[in-house]
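One structure is given here, and the rest of the page talks about it.
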Amino acid sequence: MIGHKDFSQPPDTIRCLGVLNNCTFDSLPKYFGVLTFEEQKKFLRSIFRAENGILDDSLSTDKKQVEEAQEILSDTTEKLFDHLFSADEVEEKYRSVYRTIFTTLMESLDPERRVQLVFSIMKNFQEGEKPTADDIMASILNIGVAFKKAAQILSERNDLLPESLCSSLGEIKDNATPISKSTIFEIFRREGMMGEITKIKGLLGAASVGQVHMLETTDGKQSVGKVRSPIVDKYRMDDVKIIEKIIEQIKVKHGANVPNFAEEISRLLEEESNFNNEETNLNLLLPVFDFVSKQEQEADEEHPQFYSKIELGLPRITRCEESALIEELAPGISLNDLYYLSVFEKNQKGIGFQQVSEKVLSRAKALFDKLKKEKKLQKYLEALDHIDEVYLKLVDLVVAEIFEHGVFHADKHRGNLMLDISEEDNSALITAIDFGNVIQISKENQSALKDLLGGLAFGDSGSALKGVKDFVGRNLSPQVQAEIEQVAEQEAELKTKMEKISLVIRDNFEFEERKDFVNILKGLVSSFYIFDEISEERRAEALMKVAAYFIG
């Protein structure tokens with residue numbers, strides 16, 4: 001590569017890396033439009049040069065070449081930044097933060113990750129139109145699991161980033177390029193599980209931490225296997241150090257009060273990547289799921305019960321090790337798929353039309369056709385007509401988790417909840433999956449949460465202050481008290497108030513003090529769709545279930 005003379009097109013070595021990153025080079029002229037031909041050549045050379053050069057080992061001992069490459073990289077990075085994030089498009093106070101993030105990443109990543117970053121940006125230019133600055137920055141913060149966690153935290157900081165980017169960062173999905181089957185085989189083999197697996201089948205999902213596949217197992221049951229991505233171990237510590245460096249740069253250059261959330265990300269990744277925690281968490285959840293399953297749904301003449309019963313379930317984990325696990329396949333389809341089915345059905349009928357992307361419509365149509373072929377479509381279309389009953393049961397679950405049992409599944413997004421309908425007795429089963437983020441809540445903290453949430457819901461700043469003070473276990477500074485009072489007393493939805501309180505707590509308390517508090521609030525905020533999906537005529541019923549605990 002280093003000896004390549006014609007850089008009008010990238011050499012095969014770089015093209016191969018582009019293929020691995022799902023990136024073509026058609027967008028190269030647009031991406032490099034601000035650089036001269038000579039600068040383009042030098043830049044392509046320099047992104048591969050560092051102390052651990054990935055394409056030419058001789059570079060590691062040539063200090064002069066390394067220094068030259070770093071100088072070229074620094075100069076071209078500044079020019080590229082001005083091209084990608086023009087002053088006309090981004091307000092200066094935000095643009096300076098963008099510059100800090102972009103330049104720190106380009107200077108700090110090792111050559112392999114730097115190439116990945118360049119490809120991630122270039123993919124934005126493949127659609128034709130020049131992407132917005134927000135699109136580019138969102139793709140930059142989507143290059144690895146640690147940076148995705150950082151992006152989700154930064155999505156709360158509209159003092160540092162524009163609202164449009166905060167919205168984009170909040171929607172970053174935890175997905176990743178699938179790892180190879182040979183790697184999956186090796187992980188299962190290393191964990192001593194291959195004796196229980198007869199076949200590794202189709203991919204169900206690939207996230208940054210783990211990848212899930214359908215399995216055929218020796219017991220003959222339908223199962224899924226989850227393996228930890230080797231990339232998590234390879235880059236986690238390096239990426240966390242870079243995030244820490246970015247935070248320090250933002251503090252110094254912009255005088256911003258930004259807590260060092262690098263430690264928080266490191267701890268979260270450590271917990272989520274040890275699958276033994278999932279088995280422990282599953283056992284913690286069993287009593288509360290069993291308790292809520294046995295509760296009878298309230299019915300009246302106006303809202304007669306459609307389902308004979310609605311139960312809650314958890315899949316049995318049959319084998320669990322640190323980097324791999326095998327568990328029963330949860331029956332049915334996810335609430336996320338049910339949502340897609342709803343969008344497709346409404347758009348087909350032209351009622352309640354929703355403007356959605358072609359990608360969403362394509363996925364929804366594929367699901368529609370699959371369910372139709374399996375003769376399961378009708379029962380799920382009927383489920384859409386009676387979805388209130390499903391979500392009211394989930395309200396019961398959240399209330400019981402937080403205020404009664406003190407064990408909270410804090411990652412209850414639509415994709416982690418499966419719905420199965422039995423045509424034999426017209427019953428419904430809601431099964432939760434993915435137990436990496438489960439929080440235990442002490443009696444004292446349950447009481448503190450009641451005070452806080454009740455204070456926010458009813459505009460009672462005294463109750464909100466008491467809740468925060470009791471949870472963190474110490475007195476609050478006058479500044480923190482004033483911030484909490486302001487949030488509690490403002491006219492805003494409860495969800496918005498919880499998001500703001502979470503930010504106040506994150507900014508003003510040490511990690512150990514705030515870890516569970518922020519995680520619970522974040523989990524509750526992400527569960528608010530449960531209330532939003534309930535029809536207006538029954539939403540008051542759902543809110544009363546919660547309010548009863550605040551008042552009590």
Candidate lysines - alpha carbon under 16 Å from Lys181, same-chain residues fewer than 8 apart omitted
Lys199, Lys201, Lys226
Computed Kirkwood radius, in angstrom, where 1/r is averaged over Cα pairs of region 364-516:
18.1 Å
By its C-alpha gyration tensor, with a ≥ b ≥ c as the square roots of the eigenvalues, how is region 310-429 shaped: rounded for a/c under 1.5, else prolate for a/b larger than b/c, else oblate?
prolate
Along Cα→Cβ, 7 Å out, is where each label goes; now give me the distance between the ones at Val525 and Phe511 in nm to one decimal.
2.0 nm
Can you tell me the FRET efficiency between Thr318 and Tyr549 if r is taken as the Cβ-Cβ distance and R0 is 45 Å, rounded to the nearest 0.05?
0.80
Which order do peptides 435-446, 144-155 fall in by mean Cβ count within 10 Å, highest first?
144-155, 435-446
Taking r as the C-beta separation of Lys201 and His254 and R0 as 51 Å, the FRET efficiency to the nearest 0.05 is 0.55
Extended-chain gain in nm, criterion 0.36 nm per residue less alpha-carbon gap, Gln490 and Phe458
10.5 nm
Show me, bin by bin at 10 Å from 0, the whole-percent P(r) of region 441-551 based on Cα pairs.
14, 49, 29, 7, 0
Summing Lys, Arg as +1 and Asp, Glu as -1, what charge do residues with Cβ under 13 Å from the Cβ of Ser422 carry, Ser422 excluded?
-3
Quick calc: nm separation of the 7 Å Cα→Cβ label points for Glu296 and Lys309 -> 1.2 nm
Can you give the FRET efficiency to the nearest 0.05 for Ser427 and Arg267, using r as the Cβ-Cβ distance and R₀ = 30 Å?
0.15
For Lys412, net neighbour charge (Lys/Arg +1, Asp/Glu -1) across residues whose Cβ lies under 10 Å away
-2
At 7 Å along the Cα-to-beta-carbon direction for both Glu244 and Asp82, put a label point, then send me their distance in nm to one decimal.
3.4 nm
Ranking request for peptides 330-336, 406-412, 250-256: highest mean number of other beta-carbon atoms within 10 Å first, then the rest in descending order.
406-412, 330-336, 250-256
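FYI, it's all coordinate maths here, none of it is from the lab. As the structure is a prediction and not an experimental result, all values here were calculated from the model. Cβ: placed from backbone, ideal geometry, glycine included. Neighbour counts: every protein chain shown.
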